[in-house]
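Taken together, the values in this text are just the output of simple stated rules run on the coordinates, not laboratory data. As the structure is a computational prediction, the values presented were derived from the model and not from experiment. Because the Cβ atoms are built from the backbone with ideal geometry, glycine has one as well, and the counts that use them run over all protein chains shown.
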Amino acid sequence: MGSVESLEGCVVTAVHPEKVRLATAHAPAAEELARVSAVFKLLGDPTRTRLLYALLEAGELCVCDLAAATASTETTVSQALRLLRASGVVSGRREGRNVFYRLSDAHVRLLLDVTREHITHDPRQAAGGAEEEA
């Protein structure tokens, strides 16, 4: 065991101080952590996530089509799209009076694909819910 100085300046006992130093040396900065958390917060809403999966499958949809595809109201879809657009997760293209929305880039597609793959292979989810590990 070794001692590691915490951010507050007090000494904390660590079982593996070299691993703790490695983890803290490569930890993202506070601003980056906030941005990552904001993306997960966006995905934390089932309506927004449903919209993103609809766009993943269809490629590009207007508000009316997104509302129909997700069984939501146009108002709900518009509010969700406002947040998704402001965060850079979706982008829009105007055609006459309609705006067609799509996922911003391949990173959003990858995030959705990897997340879905992760939850489908998790044996705790397949068994009907997360079980606490002892």
### Query
From the phi of every residue in the range 104-109, what ³J(HN,Hα) in whole Hz does the Karplus formula 6.51 cos²θ - 1.76 cosθ + 1.60 yield, where θ is phi - 60° and glycine or proline is x?
4, 7, 5, 5, 5, 4
### Query
How do 105-111, 83-89 rank on mean C-beta neighbours within 10 Å, highest first?
83-89, 105-111
### Karplus-derived 3J(HN,Hα), 6.51/-1.76/1.60, for each residue of the range 38-45, Hz, glycine and proline x
5, 5, 5, 5, 4, 6, x, 9
